[in-house]
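K.L.:
After the structure tokens below, expect a handful of questions from me.
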Amino acid sequence: MSAEFVVETRQRAFEPVTVGSLHLRNRVVMAPMTRSRAYDTRPTPEMATYYGQRASAGLIVTEGIQPSAIGQGYPATPGLHTDEQVVAWRRVTAAVHAAGGTIVAQLMHTGRLGHPSTTEAVGHGPLTPVGPSAVRAKGTIFTPQGSQQLVEPLELTENEIEATIGDFAAAARNAIDAGFDGVEVHGANGYLLHQFLTTNANQRTDRWGGSPENRMRLTLAVVAAVAGAIGADRTGLRISPNNGLGDTEELDYATLYPQLVRELDSLGLAYLHLVEAGDPALTPVIRSAWSGTLILNAATPDLADHPGRLDLIENGATDLVSFARLFIANPDLVARLKTGAELASPDLSKAYGGTHEGYTDYPALVG
Ligand SMILES: Cc1cc2nc3c(=O)[nH]c(=O)nc-3n(C[C@H](O)[C@H](O)[C@H](O)COP(=O)(O)O)c2cc1C
């Protein structure tokens, strides 16, 4: 098959699409990526440059942003819970809008995946991470002192759960105040909402644990609160059934997620963002349980195969596709995919922290 033919059959990916209240210029989404380059929990001018360079994506989903001090799990990540953070984000959203792009803030509460030394380093702690239950995740986490063992989290009380839901809603309001076009709630990858969905991190016996209905209650409550705060038509949710990240075990994922998605369906959200890696066979099931817009982060781990994701739009498997790692090295990824141009490989040793190197110094193709 010639390169020209391949490009021609993938045109739908480059057509504009309306997602909730968002008018996107194409169906290629930049997936959320933590890059740990914030200063004192505020986005820097360099971060505005980075996102501005990538504004030709149909939609940019930012790196995970903590909705509260306790929600911060990694060094040098930004927040959306203080006035100073809101002011600093305006430079980022302005840079993307000036380049004609659309950007939503990913709200990420890392739950039990955190460390007291990380919050201490930004003057908010030391705070013991919180989770559904006092169950320590196996493994280590990167901290200002390097890699350290994860600690046993504090079990959230009922009141703290309600306060956490309020923190998400307040951060969503702040996101709009900061100029974002919407919010993606992070319900994936082993962080707080995902922890509640699991059969291992969540050992609660109250209405937030036990049955599938109880374990999905927090995700539904947070999404409803965010939608209530800023409008469902600019609220999205990211999920990652069975991907095991953060020592998560989901014995009933094959039935829980379709049920979750059916419950979500009536809320009229802008989109659902599905990380497929945990079980690609579930994708068509989710697709048919969901009447709204689907963004698929397809299970194609080999970067060389990533352009093939565009075929999933053509064949109706999804409405939009997202790319993470390729957007690190290809700020003009959309143009390259459209023309079949060569794709640069990301240097993942520079993924987290550091300077502009491996961050804003990847050139766009000229001409
Ligand atoms: C450096 C890096 C940081 C990431 N940070 C986040 C994050 O903050 N939030 C999130 O939902 N996913 C995060 N992810 C996961 C990506 O969004 C994506 O699901 C994953 O990389 C697979 O997509 P890809 O094959 O296109 O890279 C991150 C991935 C990478 C490589």
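The values are calculated or read from the model by the stated rules, or taken from the named source; none is laboratory data. For clarity, every value in this text was computed on a predicted model and none was experimentally measured. Here Cβ is always computed from backbone atoms with ideal geometry, including for glycine, and neighbour counts include all displayed protein chains.
K.L.:
When the range 202-236 is examined, which residues are found to be among the polar types (S, T, N, Q) and over 17 Å from the mean Cα position of the chain (by Cα)?
P.N.:
Once the filter is applied, which keeps residues that are among the polar types (S, T, N, Q) and over 17 Å from the mean Cα position of the chain (by Cα), the range 202-236 yields 202, 203, 205, 211, 214.
K.L.:
I've got another one for you. Please specify each residue of the range 178-192 satisfying the condition of being more than 14 Å from residue 112 (Cβ to Cβ) and either touching a Cys at 6+ places or on another chain (Cβ under 7 Å) or in a loop (DSSP other than H, G, I, E, B) (or both).
P.N.:
Those that are more than 14 Å from residue 112 (Cβ to Cβ) and either touching a Cys at 6+ places or on another chain (Cβ under 7 Å) or in a loop (DSSP other than H, G, I, E, B) (or both): 178, 179, 180, 181, 187, 188.
K.L.:
Being touching a residue at least 40 places away in the same chain (Cβ under 8 Å) and part of a loop (DSSP other than H, G, I, E, B) is the filter here; which residues of the range 245-267 pass it?
P.N.:
245, 246, 247, 248, 249, 250, 251, 252, 267
K.L.:
Would you be able to tell me the number of residues in the range 44-59 that are farther than 21 Å from residue 322 by Cβ and part of a loop (DSSP other than H, G, I, E, B)?
P.N.:
Counting residues in the range 44-59 that are farther than 21 Å from residue 322 by Cβ and part of a loop (DSSP other than H, G, I, E, B) gives 1.
K.L.:
When you scan the range 271-288, do you find a residue that is within 15 Å of the ligand (Cβ to nearest atom), without any contact (Cβ under 8 Å) to a residue 12 or more places away in the chain and acidic (Asp, Glu), even just one?
P.N.:
no
K.L.:
Between a residue in the range 120-148 that is modelled with pLDDT under 95 and any residue that is surrounded by fewer than 17 Cβ atoms within 10 Å (Cβ to Cβ), which pairs come within a Cβ distance under 7 Å, given they are 6 or more apart or on different chains?
P.N.:
Within 7 Å, the pairs are 125/116.
K.L.:
Residue by residue through the range 180-209, note down the ones that are surrounded by fewer than 24 Cβ atoms within 10 Å (Cβ to Cβ) and either in contact with a His (Cβ under 7 Å, 6 or more places away or on another chain) or under 20 Å from residue 159 (Cα atoms) (or both).
P.N.:
Selection gives 202, 203, 204, 205, 206, 207, 208, 209.
K.L.:
Take the residues in the range 307-318 that are surrounded by fewer than 20 Cβ atoms within 10 Å (Cβ to Cβ) and of a type outside the set (S, T, N, Q); name whichever of them is farthest from the ligand (Cβ to nearest atom).
P.N.:
Within the range 307-318, the match that is farthest from the ligand (Cβ to nearest atom) is 316.
K.L.:
Only residues that are assigned to a loop (DSSP other than H, G, I, E, B), free of Cβ contacts under 8 Å to residues at least 60 places away in the same chain and not charged (D, E, K, R): list them for the range 342-354, please.
P.N.:
The answer is 343, 344, 345, 346.
K.L.:
Among 302, 265, 332, which is surrounded by fewer than 15 Cβ atoms within 10 Å (Cβ to Cβ), more than 15 Å from the ligand (Cβ to nearest atom), at negative phi and not aromatic (Phe, Trp, Tyr)?
P.N.:
Matching residue, one of 302, 265, 332: 265.
K.L.:
Here is a follow-up. I need the full set of residues from the range 20-64 which are β-branched (Val, Ile, Thr) and closer than 20 Å to residue 337 by Cα, in order please.
P.N.:
Hits for the range 20-64 are 28, 29, 60, 61.
K.L.:
Let me ask you something else. Select, from 203, 195, the only residue that is on the phi < 0 side of the Ramachandran plot, in a helix (DSSP H, G or I) and touching a Gly at 6+ places or on another chain (Cβ under 8 Å).
P.N.:
195
K.L.:
Of everything in the range 183-207, what is within 15 Å of residue 237 (Cβ to Cβ) and within 15 Å of the ligand (Cβ to nearest atom)? Give them in sequence order.
P.N.:
183, 184, 185, 186, 187, 188, 189, 191, 192, 193, 194, 197
K.L.:
Restricting attention to the range 137-150, report how many residues are touching a strand residue (DSSP E or B) at 6+ places or on another chain (Cβ under 9 Å) and buried (at least 16 other Cβ atoms within 10 Å of the Cβ).
P.N.:
Residues flagged as touching a strand residue (DSSP E or B) at 6+ places or on another chain (Cβ under 9 Å) and buried (at least 16 other Cβ atoms within 10 Å of the Cβ) within the range 137-150 amount to 4.
K.L.:
From the residues in the range 293-341 that are hydroxyl-bearing (Ser, Thr, Tyr) and assigned to a loop (DSSP other than H, G, I, E, B), which one is nearest to residue 18 (Cα to Cα)?
P.N.:
Among those residues, the one meeting the criterion is 293.
K.L.:
Right, another one. Answer yes or no as to whether residue 363 is away from the ligand (no atom under 14 Å from the Cβ), outside any loop (DSSP other than H, G, I, E, B) and surrounded by fewer than 18 Cβ atoms within 10 Å (Cβ to Cβ).
P.N.:
Judged against the criteria, residue 363 is not a match.
K.L.:
Now a separate question. Only residues that are over 30 Å from residue 60 (Cα atoms) and either charged (D, E, K, R) or touching a Gly at 6+ places or on another chain (Cβ under 8 Å) (or both): list them for the range 152-181, please.
P.N.:
Those that are over 30 Å from residue 60 (Cα atoms) and either charged (D, E, K, R) or touching a Gly at 6+ places or on another chain (Cβ under 8 Å) (or both): 152, 153, 154, 155, 156, 158, 160.
K.L.:
Quick check on residue 219: is it part of a loop (DSSP other than H, G, I, E, B), surrounded by 17 or more Cβ atoms within 10 Å (Cβ to Cβ) and within 16 Å of the ligand (Cβ to nearest atom)?
P.N.:
Spelling it out, it is not the case that residue 219 is part of a loop (DSSP other than H, G, I, E, B), surrounded by 17 or more Cβ atoms within 10 Å (Cβ to Cβ) and within 16 Å of the ligand (Cβ to nearest atom).
K.L.:
Further, regarding this structure: Between a first residue in the range 194-211 that is closer than 18 Å to residue 246 by Cα and modelled with pLDDT of 95 or more and a second residue that is of a type in the set (Asp, Glu) and surrounded by 21 or more Cβ atoms within 10 Å (Cβ to Cβ), which pairs have beta carbons less than 8 Å apart while being 6 or more apart in sequence or on different chains?
P.N.:
197/250; 198/250; 199/250
K.L.:
Restricted to the range 69-83, and to residues that are part of a loop (DSSP other than H, G, I, E, B) and away from the ligand (no atom under 16 Å from the Cβ), which residue is nearest to the chain's Cα centre (by Cα)?
P.N.:
81
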